[in-house]
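The structure under discussion appears below in the form of structure tokens.
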Amino acid sequence: METIQVRNPRSGEFDYAFTPPAPEALQRRAAELRAAQRDWAARPVESRVAVLQRWKDELLARRGALVTALSIDTGRHLLAQAEFGGSVAAIDRWCAQAPPLVQEHEGRSQAQPSITFRSQLVPYPLVGVISPWNFPLTLSLIDAIPALLAGCAVLVKPSEVAPRFVEPLRESIEAVPELAAAFDVVMGDGRTGSALIGLVDAVCFTGSVKTGRAVGRAAAEHFIPAFLELGGKDPVIVTETADLELATDVVLRASVLATGQACQSLERVYVQESIYDRFVARLVEKASAVPINYPDMHAGIVGPLIFDRQADIIAGQIDDALRHGARVLCGGRVEIHGGGGRWIRPTVVVDVNHSMQLMTDETFGPVMPVMKFRSVDEAVELANFGIYGLSAAVIAGTLEEAEAIARRIDAGAVSLNDGSLTGVMHEAEKNSFKCSGLGGSRMGAAGLTRFFRRKALIRQTGRPATIGMFDESNAGR
Ligand code: NAD
């Protein structure tokens, strides 16, 4: 297999390389995991919980190595720490939630009370996880943890753009042999991801709509379910009753955090006409004061763009908007530092409309295009424009007013008087709307129970019907 070179987002240098497994090695590993899954699923859930808790200890023992690798992968430190802490917390959360969720249920037929049933929960033997580069650790483990607790074996293929964390992660898994039998992580690019789909019984994919379509097609070909968590173009509606300080704080944070490289980043800002000028002035003032985290990674806020091609996409969208009459009030330029690292400062763009790529395509950068609306009806129509329906936000004078608007928005989750709350809310189930995804909720109880097929064991406790009962002469006249 050819070696893949990996770029450092702070320097632009290709300073890391890996070789993906050959197709036969991938097949062999998938077969081993599938074989080991029988024992893994046969354990009581408490035993799987105990194994995951031991893995958590091994992760904690490698915290330094994992956070350092993630920092290099992403060019940011605080969020690397947060990813590590969030993943450890996810293990604890799912370990606490799993035991009641794996209980089988009993029931009885209403029509024929002598017939009862028990639901057997049968985990998919081998689940494949394919993840993106923006939160490399979080999104590699977010589906793997509940799938493992459901009794599935799991094979993860993280993004080739940010793979340095895989080595310490694999060490932590290998330190727990019972877990290593049922769980592995392989490095590779789209070719390995594509091959993986043919080897698993269900696939969890997080990434772009374009790749999601290809994954969905391949899953259909192999007749396996695909849980697709795709891109977004999240709108935020700010009404004239909103607290201006709160609204500008929220829009800035939820657009700029992680350099906008989060699926739930706010990417379209709709502001009511009467407060528009004041809102824009205050947003520009605040956005202009947000520093980049260069030259010192341990100071500043906005990290580099992890994927260099994303910088070209962002620059292209801004150019397209400028060509069509938009104005950039701050930021707006990709800056090169550290040799070849690419940063973009928080960017506010006005005089935008829905003919511009900046308002239709996912940007995945710290860019806030702001548009005016007159009535709430118009705001809802603007927010519901486009192919995406991942999440949204509404900021209004009261939660009641915000909720009334949120109920009309076509998105899987709406944050009220805040933004991007799906990043911290793990308990609420949500389904993506339109092209932002497909399949059961990753959040809430369904995040685990979607890894089961339900098998009905239907018992006859009385005398079974005989064929004679179906003689036409028994029909009522
Ligand atoms: P991407 O679609 O380019 O790649 C995602 C993964 O798919 C990578 O691991 C890649 O190697 C693999 N891949 C590429 N081609 C493949 C193929 N043909 N078959 C199987 N796998 C293949 O996405 P990206 O650029 O890494 O990530 C950014 C995207 O992810 C954005 O669109 C963002 O919105 C989305 N995202 C969504 C969520 C969510 O929860 N909805 C979360 C984070 C990111």
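The values are calculated or read from the model by the stated rules, or taken from the named source; none is laboratory data. Predicted, not measured: the structure shown is a model, and the values here were computed from it. Neighbour counts run over all protein chains shown; Cβ positions are idealised from the backbone, glycine included. Note: areas computed on protein heavy atoms with side chains; ligands, DNA, RNA excluded. Shrake-Rupley method; radii C 1.70, N 1.55, O 1.52, S 1.80 Å.
Tabulated data for the structure shown
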read-out	value
Filter result (in contact (Cβ under 8 Å) with a residue 40 or more places away in the chain and assigned to a helix (DSSP H, G or I)) within region 318-347	Ile318, Ala321
Of residues in region 110-152 being among the hydroxyl-bearing types (Ser, Thr, Tyr) and in contact (Cβ under 8 Å) with a residue 60 or more places away in the chain, the one nearest to Val185 (Cα to Cα)	Ser131
Residue within region 40-48 that is in a helix (DSSP H, G or I), under 26 Å from the mean Cα position of the chain (by Cα) and loosely packed, with under 14 Cβ neighbours inside 10 Å present	no
Tally of residues being β-branched (Val, Ile, Thr), in contact with an Asp or Glu (Cβ under 7 Å, 6 or more places away or on another chain) and open to solvent by 40 Å² or more (accessible area, probe 1.4 Å) across region 260-310	0
Residue tally, condition near the ligand (Cβ under 10 Å from one of its atoms), open to solvent by 30 Å² or more (accessible area, probe 1.4 Å) and not in a loop (DSSP other than H, G, I, E, B), over region 206-228	5
Residues of region 165-205 satisfying the condition of being touching a residue at least 60 places away in the same chain (Cβ under 8 Å), within 12 Å of the ligand (Cβ to nearest atom) and open to solvent by 40 Å² or more (accessible area, probe 1.4 Å)	Arg191, Ala195
Failed item in (1) modelled with pLDDT of 95 or more; (2) more than 30 Å from Val203 (Cα to Cα); (3) open to solvent by 10 Å² or more (accessible area, probe 1.4 Å), with Ile458 passing the rest	(2)
Filter pass, Phe117 being of a type in the set (Phe, Trp, Tyr), within 16 Å of the ligand (Cβ to nearest atom) and open to solvent by 30 Å² or more (accessible area, probe 1.4 Å)	no
Qualifying position, being open to solvent by 80 Å² or more (accessible area, probe 1.4 Å), in a loop (DSSP other than H, G, I, E, B) and out of contact with any helix residue (DSSP H, G or I) (no Cβ under 9 Å at 6 or more places or on another chain), among Arg408, Arg463	Arg463
Qualifying position, being farther than 29 Å from Gln261 by Cα, out of contact with any strand residue (DSSP E or B) (no Cβ under 7 Å at 6 or more places or on another chain) and surrounded by fewer than 18 Cβ atoms within 10 Å (Cβ to Cβ), among Ala98, Ala35	Ala35
Single unsatisfied condition, Gln27 versus (1) among the polar types (S, T, N, Q); (2) within 17 Å of Leu126 (Cβ to Cβ); (3) without any contact (Cβ under 8 Å) to a residue 40 or more places away in the chain	(3)
One residue from Gly107, Gly75 being open to solvent by less than 50 Å² (accessible area, probe 1.4 Å), closer than 20 Å to Arg10 by Cα and over 19 Å from the mean Cα position of the chain (by Cα)	Gly75
Residues (farther than 25 Å from Ala36 by Cβ and surrounded by fewer than 24 Cβ atoms within 10 Å (Cβ to Cβ)) located in region 120-160	Trp133, Thr138, Glu160
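A quick yes/no check of all residues on (1) open to solvent by 60 Å² or more (accessible area, probe 1.4 Å); (2) in a strand (DSSP E or B):
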site	(1), (2)
Val349	no, yes
Pro369	no, yes
Lys372	yes, yes
Glu381	yes, no
Gly419	no, no
